[in-house]
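Below is one structure; the comments refer to it alone.
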Amino acid sequence: MLKRVIGLSLSFVLLFNMSWAACAVADDEQAYMEIYVSEAGDDGNEGTENSPLKTIKAARDVVRRHNSGMKGDIVVNVMPGTYYQDEMLEFSCEDSGFNGHSVIYQGHGTPVISGGKRIDTFKKSEDHPGLVEAYLPDVDFANEFYVNGDKKRIAQTEVWFNPSDYRASGSSYLSDGIYVSKEDIPMFSNPRDVEFDWFRGWVHTRVRALDVMEDPTNKERLIVRFKNPDWNDYVASTSSSPTAATPYTTCFAKNAIEFLDTPGEFYFDKNEKKLYYMLEEGESIENSQFTVPVLDTGVFIMGKTTEDRVKNITFDGFKFTNYTIWNDFDEIASSGQGPYYRDGYNGRRIEQNFGTIYLNRAENVNFYNNVFTGLGQAALNFDDAVSNCTVEGNVFYDLNEEAIEAGSQYHIEFEFTDDDERSKMDKFNIRYYVEENPKTDFYMMLLKPYIWSSNVKNKNRVALGINNPESGDYIFRPHTGTLTTSVEDFTDYKKYGNDITWRDIPENGEIPYVMYDFVKKYTFSEITLAFKAGDVSDDEKSKYEVLLSNDRYFKEYTTVAVQNAAPGEVADYKVSDSGKYRYLMIRSLESKPMAITSVYAFTPDIQNQIVRKMCDNIMIRNNYITRTGDTVYSGIGVDMIACENLTFEHNEMSDMPYSAFSYG
């Protein structure tokens with residue numbers, strides 16, 4: 001009954017919002033141009049009402065061909081239906097409204113923009129009676145699952161339990177895993193699928209099991225092994241933190257077939273690529289709609305510089321749903337307060353998740369009368385140099401994280417105390433600077449350094465942006481330590497810019513690799529690897545390959561270089577391919593220890609900036625926000641970290657486990 005009442009309440013609020021929220025186009029205003037999009041359309045069509053396009057991306061491309069001479073607004077009419085995205089939709093400066101006019105993406109009948117994949121292959125499971133199953137060859141992870149629009153629960157332990165520390169005999173590590181009572185967990189058929197979750201303070205940490213085995217010294221408990229040195233590094237680096245996962249604090253386990261015993265729960269077998277689900281009353285294979293979210297960021301809006309921004313775009317009347325969080329991780333993942341996310345075991349650097357809709361260097365980009373629900377990340381993220389935007393008349397509900405995020409915690413000026421230090425910064429054109437405790441202006445969001453590897457010690461998410469003094473190309477650079485200012489030339493900077501080396505010690509024939517996800521495609525001119533002298537052996541830095549791809553699993557890729565013999569302290573690889581790529585991988589050629597101190601990726605596609613600019617003049621009013629922080633417990637309703645001239649008025653907010661509003 002409660003669920004039905006809430007649903008009716010949301011429907012009422014939605015209708016109510018639409019009645020008083022601002023409209024993008026006045027009824028009596030004549031559009032300069034109208035474009036039509038329909039589920040039944042074709043991207044080869046003209047985009048007229050009688051010959052509509054099929055995708056919003058195609059409509060955006062039509063806008064690009066006509067917006068320079070705008071004498072009125074361009075309206076993209078998106079007709080009712082569900083539009084499944086197979087890739088992120090990007091908006092750049094060339095997609096702006098010009099000459100004082102706007103490009104308005106107008107939904108009719110609340111069209112659904114989905115980051116999910118509809119599943120039509122469910123059948124009754126022969127191996128697990130009482131369950132239905134679907135083979136999902138194109139799905140690599142399933143953190144969320146929806147049936148008829150309702151989010152379902154991943155199979156998990158019913159109660160939290162108290163583990164204890166496990167350290168193998170003769171081990172050199174601080175910890176090798178945890179002991180867990182057999183009353184709390186069973187022996188798992190697929191232990192690598194199982195995740196152990198800790199919620200402490202405002203931090204949610206997930207650790208993947210490596211193996212589960214009988215304890216030879218105590219028949220009443222099991223040993224859960226975590227992969228080392230990952231777990232060891234995490235425990236060592238967070239030992240004094242009150243929010244860290246520890247072998248002695250309460251946790252729960254999830255994603256195991258052994259837990260799937262309640263209607264409305266699901267389990268995803270990552271090896272067999274099968275999703276199992278227990279139908280609830282009233283659901284059936286024939287009459288239910290099943291959806292697995294596969295995209296995390298749906299819309300990416302980014303200008304060229306803080307002065308040359310994406311401008312004058314409006315989204316009105318859409319429903320955004322079925323986007324995920326935490327693309328498949330290897331061993332440990334951790335989220336902090338708000339949308340910040342970091343690799344758990346290093347813990348030195350923080351990455352800001354991009355959000356479902358991400359804005360950077362944008363002006364007058366507005367959101368009216370939309371519905372945001374079933375989202376893995378923050379619904380709207382106004383990151384850097386976003387101004388004069390309005391969020392009005394929208395409904396936000398059932399979100400894993402926040403509804404709205406604006407500004408970055410790194411909008412703080414750095415005061416140089418050393419003239420030599422300043423001259424070094426000027427010499428290398430270093431624009432963003434990170435110290436052990438970040439306190440300066442630097443550009444973090446150009447890189448979504450989702451690092452995918454079997455073990456990367458500094459699997460951090462912070463990018464230091466600098467310009468190559470030789471080519472002027474922008475450099476993507478993950479950074480963990482204090483910037484070395486004693487360098488005398490750029491080669492020395494690359495050599496000593498990072499003070500921590502990561503290494504992978506593979507088990508069971510694994511091939512070590514590290515992968516970076518830049519979230520969008522770039523042209524790369526050079527890839528550079530650095531190996532700290534005295535810390536990386538010749539064996540650890542030999543026999544690897546450098547690859548670029550647009551496939552996250554590198555089934556297809558372009559080879560930049562193959563390195564057999566051990567290079568020196570710095571290895572530079574020119575990229576001859578002029579194509580654009582999203583993913584970078586450094587992969588060992590065989591199963592052996594691998595270590596790298598720094599990785600640099602050079603691109604001519606981005607113009608670096610001297611400073612970041614705070615978000616300014618953001619209007620948030622007349623919105624309904626409820627049930628945020630579903631997965632990331634500390635997800636705040638509205639989080640204004642660094643924003644000037646914010647207007648926040650007449651918003652209704654309820655049902656938030658951590659905090660409804662945070663400012664500063």
Pull up the range 329-361, narrow it to residues that are in contact with an Asp or Glu (Cβ under 6 Å, 6 or more places away or on another chain) and closer than 23 Å to K151 by Cα, then point me to the one that is modelled with the highest pLDDT.
G338
Looking at S171, S175, can you tell me which residue is in a loop (DSSP other than H, G, I, E, B), out of contact with any Pro (no Cβ under 8 Å at 6 or more places or on another chain) and of a type in the set (S, T, Y)?
S171
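Run down E401, E421, E415 and say which single residue is modelled with pLDDT under 95, part of a loop (DSSP other than H, G, I, E, B) and over 17 Å from K613 (Cα atoms). Outline the logic, then answer.
On the way: E421 fails: part of a loop (DSSP other than H, G, I, E, B); E415 fails: over 17 Å from K613 (Cα atoms).
Of the residues listed, the single one that is modelled with pLDDT under 95, part of a loop (DSSP other than H, G, I, E, B) and over 17 Å from K613 (Cα atoms) is E401.
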Has the range 231-247 got any residue that is at pLDDT 95 or above and aliphatic (A, V, I, L, M)?
no
For the range 67-82, give me the residue count where each residue is open to solvent by 20 Å² or more (accessible area, probe 1.4 Å) and under 18 Å from V299 (Cα atoms).
1
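Residues that are acidic (D, E): which strands (runs of 3 or more DSSP E) entirely in the range 71-146 hold 1 or more of them? Working first, answer last.
Values: elements: 74-78, 82-84, 89-91, 103-107, 112-114, 116-119, 132-135.
Hits in the range 71-146: 89-91, 132-135.
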For T243, are the conditions met, namely being touching a residue at least 24 places away in the same chain (Cβ under 8 Å), more than 19 Å from Q156 (Cα to Cα), surrounded by fewer than 22 Cβ atoms within 10 Å (Cβ to Cβ) and under 24 Å from the mean Cα position of the chain (by Cα)?
yes
Reported set for the range 32-69 where residues are within 17 Å of V112 (Cβ to Cβ), among the basic types (K, R) and part of a helix (DSSP H, G or I) is K57
Could you list, in sequence order, the residues of the range 123-142 that are charged (D, E, K, R), surrounded by fewer than 15 Cβ atoms within 10 Å (Cβ to Cβ) and in contact (Cβ under 8 Å) with a residue 24 or more places away in the chain?
K123, K124, D140
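Conditions (1) assigned to a loop (DSSP other than H, G, I, E, B); (2) open to solvent by 40 Å² or more (accessible area, probe 1.4 Å); (3) touching a helix residue (DSSP H, G or I) at 6+ places or on another chain (Cβ under 9 Å), marked per residue:
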{"position": "K521", "(1), (2), (3)": "no, yes, no"}
{"position": "G534", "(1), (2), (3)": "yes, yes, no"}
{"position": "S537", "(1), (2), (3)": "yes, yes, no"}
{"position": "K541", "(1), (2), (3)": "yes, no, no"}
{"position": "L548", "(1), (2), (3)": "no, no, no"}
{"position": "V562", "(1), (2), (3)": "no, yes, no"}
{"position": "S576", "(1), (2), (3)": "yes, yes, no"}
{"position": "E590", "(1), (2), (3)": "yes, yes, no"}
{"position": "A601", "(1), (2), (3)": "no, no, no"}
Suppose we filter the range 197-221 for residues that are touching a Pro at 6+ places or on another chain (Cβ under 8 Å) and of a type in the set (A, V, I, L, M, F, W, C); how many remain?
3
Being at positive phi and in contact with a strand residue (DSSP E or B) (Cβ under 9 Å, 6 or more places away or on another chain), is that true of even one residue in the range 591-614?
no
Whether any residue in the range 281-303 is open to solvent by less than 10 Å² (accessible area, probe 1.4 Å), modelled with pLDDT under 75 and of a type in the set (G, A, S) is what I want to check.
no
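Taking the conditions exactly as written (modelled with pLDDT of 80 or more, of a type in the set (S, T, N, Q) and under 26 Å from M302 (Cα atoms)), does S549 satisfy them or not? I'd like the intermediate steps shown before the answer.
Numbers: modelled with pLDDT of 80 or more: yes; of a type in the set (S, T, N, Q): yes; under 26 Å from M302 (Cα atoms): yes.
It is true that S549 is modelled with pLDDT of 80 or more, of a type in the set (S, T, N, Q) and under 26 Å from M302 (Cα atoms).
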Please find, within the range 146-186, the residue that is farthest from L279 (Cα to Cα) out of those that are of a type in the set (D, E) and open to solvent by 30 Å² or more (accessible area, probe 1.4 Å).
D165
Out of (1) of a type in the set (S, T, Y); (2) free of Cβ contacts under 8 Å to residues at least 24 places away in the same chain; (3) touching a Leu at 6+ places or on another chain (Cβ under 9 Å), what's the single condition that is false for Y179?
(2)
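Yes/no per residue for (1) among the acidic types (D, E); (2) without any contact (Cβ under 8 Å) to a residue 60 or more places away in the chain; (3) open to solvent by less than 10 Å² (accessible area, probe 1.4 Å):
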{"site": "K57", "(1), (2), (3)": "no, yes, no"}
{"site": "D61", "(1), (2), (3)": "yes, yes, no"}
{"site": "R65", "(1), (2), (3)": "no, yes, no"}
{"site": "M88", "(1), (2), (3)": "no, no, no"}
{"site": "H108", "(1), (2), (3)": "no, no, no"}
{"site": "S114", "(1), (2), (3)": "no, no, yes"}
{"site": "T121", "(1), (2), (3)": "no, yes, no"}
{"site": "E144", "(1), (2), (3)": "yes, no, yes"}
Take P229 and tell me if it is more than 26 Å from the chain's Cα centre (by Cα) and either open to solvent by 40 Å² or more (accessible area, probe 1.4 Å) or touching a residue at least 24 places away in the same chain (Cβ under 8 Å) (or both).
no
Name the residue that is modelled with the lowest pLDDT, counting only residues in the range 506-524 that are within 24 Å of E87 (Cα to Cα) and not aliphatic (A, V, I, L, M).
D517
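The values are calculated or read from the model by the stated rules, or taken from the named source; none is laboratory data. Keep in mind that what you see is a predicted model, and the values were worked out from it rather than measured. Positions of Cβ are backbone-derived with ideal geometry, glycine not excepted, and every protein chain shown enters the neighbour counts. Quick note on the areas: whole protein, heavy atoms, side chains included, nothing else; ligands and nucleic acids left out. Shrake-Rupley method; radii C 1.70, N 1.55, O 1.52, S 1.80 Å.
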